[in-house]
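Peer 1: Encoded as structure tokens, here's the structure I'll be asking about.
The values are calculated or read from the model by the stated rules, or taken from the named source; none is laboratory data. Just so it is clear, the structure is predicted and the values come from calculations on it, not from any experiment. Counting neighbours? That spans all protein chains shown, and the Cβs are built from the backbone with ideal geometry, glycine included.
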Amino acid sequence: MDLTTEERGQLHRIFVAEWQEWFDVDPQPGCWLWKRGKMSAGYGVVWVRSSCQRAHRVSYAYHVGPIPEGKVIMHKCDVRLCVNPEHLQPGTPQENTSDMVVKGRNSRKLSDDQVRQIRWEHVELGISRSELGARYGVTSRLISYILRRESWAHLS
């Protein structure tokens, strides 16, 4: 996300005048916990460019600078509602997934058989990523990683 001068001005007004009303500071780890709109995956959201954006990405773009192309913004603190730029860092989707697995944050582990079934249902039956996510109790993003073999790459 690269912000125009006008967008930076709008966000400056939000950050200076309103932003601190939009999050609570958790004194222990220093997280700035978003308390406005939230998406089902647990991330804060804010409207920018007439579209809904993840609040932590907007915070990073405003405080640090443009998000490098092909990168996601990872939470060092592992708190999805955190918008503290000191807790955010860019990384690849694969680095983010690996970080999640290493830290044991994958809330539901799929069996190898379930992953094979997901791939089969998508290819053979044309079932969408979002529907597969709902069926198996995981996010459509995880389904995408599975289908691109970025997750469970060891399975044929």
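Peer 1: Just checking, which of Ile143, Ile118 is assigned to a helix (DSSP H, G or I), outside the structural domain of Leu88 (by TED's automatic domain parsing), modelled with pLDDT of 85 or more and within 16 Å of Ser40 (Cβ to Cβ)?
Peer 2: Selected residue: Ile143, the only one of Ile143, Ile118 that is assigned to a helix (DSSP H, G or I), outside the structural domain of Leu88 (by TED's automatic domain parsing), modelled with pLDDT of 85 or more and within 16 Å of Ser40 (Cβ to Cβ).
Here is a yes/no grid of residues against (1) over 13 Å from the mean Cα position of the chain (by Cα); (2) in contact (Cβ under 8 Å) with a residue 60 or more places away in the chain; (3) closer than 29 Å to Glu150 by Cβ:
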residue: Lys35; (1), (2), (3): yes, no, no
residue: Ala41; (1), (2), (3): no, yes, yes
residue: Val45; (1), (2), (3): no, no, yes
residue: Gln53; (1), (2), (3): no, no, yes
residue: Gly70; (1), (2), (3): yes, no, yes
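Peer 1: Identify all residues within the range 121-139 that are within 17 Å of the chain's Cα centre (by Cα) and surrounded by 16 or more Cβ atoms within 10 Å (Cβ to Cβ); write none if there are none.
Peer 2: Matches in the range 121-139: Arg129, Gly133, Val138, Thr139.
Peer 1: Filter the range 23-52 down to the residues that are among the hydrophobic types (A, V, I, L, M, F, W, C) and surrounded by 13 or more Cβ atoms within 10 Å (Cβ to Cβ) and list them by number.
Peer 2: Kept after step one, since they are among the hydrophobic types (A, V, I, L, M, F, W, C), are these residues of the range 23-52: 23, 25, 31-34, 39, 41, 45-48, 52.
Within the range 23-52, Phe23, Cys31, Trp32, Leu33, Trp34, Val45, Val46, Val48 meet the criteria.
Peer 1: So, one more: Is it the case, given these coordinates, that Val101 is in the same structural domain as Gln10 (by TED's automatic domain parsing), part of a helix (DSSP H, G or I) and closer than 30 Å to Leu132 by Cα?
Peer 2: no
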